[in-house]
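Structure, as structure tokens:
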Amino acid sequence: MTETPAVPPPAPVKTALKMVVVIPVLLIAYIMICGALGLTTMYTGFFFVLYWGAVRHAAPDQFLPALVGSIAGLGLAWLATLMAPQGTPGLIVVIGLILLALFLDMVRWVPLVFNTAFMLFLTVGGIPPVAEKGNFGEMILTLLVAAGFFGGIIAGYRWVQARRAPAGAAV
């Protein structure tokens with residue numbers, strides 16, 4: 001039986017350099033892009049990056065479900081704010097849609113849309129100050145900017161790493 005050599009852990013200095021230099025530079029670049037576009041709801045982008053990066057480990061196959069779920073969750077939160085002035089009928093519609101979304105998430109029938117990202121962004125969009133004063137269109141746009149920026153950076157990094165790896169090595 002042949003043992004495959006273990007991949008050595010990243011050097012602490014290299015990891016620290018990434019944490020102290022690269023990540024803040026990327027965050028500042030994202031903030032500057034949002035500022036140039038006049039977007040002020042940057043927290044939705046940060047939530048997306050936190051979810052996809054930390055919870056889903058920035059896995060390429062998890063990018064689309066994280067993005068679609070995030071947008072759909074904000075969309076349902078937005079619909080809830082639009083239905084609130086309708087009184088009881090609006091409340092019934094929103095509660096019914098939330099229950100349907102919970103069911104679809106639990107049975108995993110439409111995991112592209114109804115997933116943990118959906119629930120996270122439904123929750124964020126339902127926070128009273130966000131729901132009352134939030135600009136949901138801008139929140140979705142900011143989320144798309146973050147997804148494009150950070151998703152592009154990570155995809156580019158993985159592409160470079162794959163090109164540098166020896167033939168046949170897993171990246």
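Computed from the coordinates by the stated procedures, all read-outs in this text should not be read as laboratory data. Values in this document were obtained by computation on a predicted structure and should not be read as measured data. Here the Cβ is made from the backbone with ideal geometry for all residues, glycine too, and neighbour counts use every protein chain on show.
Name the residue, out of 121, 46, that is surrounded by fewer than 18 Cβ atoms within 10 Å (Cβ to Cβ), closer than 20 Å to residue 139 by Cβ and among the aromatic types (Phe, Trp, Tyr).
46
Just one of the numbered conditions (1) exposed (fewer than 12 other Cβ atoms within 10 Å of the Cβ); (2) over 17 Å from residue 116 (Cβ atoms); (3) free of Cβ contacts under 8 Å to residues at least 60 places away in the same chain; (4) not basic (Lys, Arg) is not true of residue 60; which one?
Condition (3) is where residue 60 drops out.
Answer yes or no: is there a residue in the range 125-142 that is within 18 Å of residue 53 (Cα to Cα) and buried (at least 19 other Cβ atoms within 10 Å of the Cβ).
The answer is yes, given that some residue of the range 125-142 is within 18 Å of residue 53 (Cα to Cα) and buried (at least 19 other Cβ atoms within 10 Å of the Cβ).
So which residues in the range 145-171 are under 18 Å from residue 60 (Cβ atoms), in contact (Cβ under 8 Å) with a residue 12 or more places away in the chain and surrounded by 11 or more Cβ atoms within 10 Å (Cβ to Cβ), if there are any at all?
Answer for the range 145-171, where residues must be under 18 Å from residue 60 (Cβ atoms), in contact (Cβ under 8 Å) with a residue 12 or more places away in the chain and surrounded by 11 or more Cβ atoms within 10 Å (Cβ to Cβ): 146, 147, 149, 150, 151, 153, 154, 155, 158.
Could you list all residues from the range 97-124 that are over 22 Å from residue 50 (Cβ atoms) and of a type in the set (A, V, I, L, M, F, W, C)?
97, 98, 99, 100, 102, 103, 104, 106, 107, 109, 110
How about the range 13-30: which of its residues are without any contact (Cβ under 8 Å) to a residue 40 or more places away in the chain and closer than 11 Å to residue 145 by Cβ?
none
As an exercise: evaluate residue 94 against (1) surrounded by fewer than 17 Cβ atoms within 10 Å (Cβ to Cβ); (2) closer than 29 Å to residue 42 by Cβ; (3) more than 22 Å from the chain's Cα centre (by Cα) and give the number of the one condition it does not meet.
(1)
For the structure I just gave you, tell me whether residue 134 is farther than 17 Å from residue 45 by Cα and among the small types (Gly, Ala, Ser).
no
Hey, could you check the range 63-91 for residues that are of a type in the set (Val, Ile, Thr) and within 23 Å of residue 48 (Cα to Cα) and say which is surrounded by the most Cβ atoms within 10 Å (Cβ to Cβ)?
71
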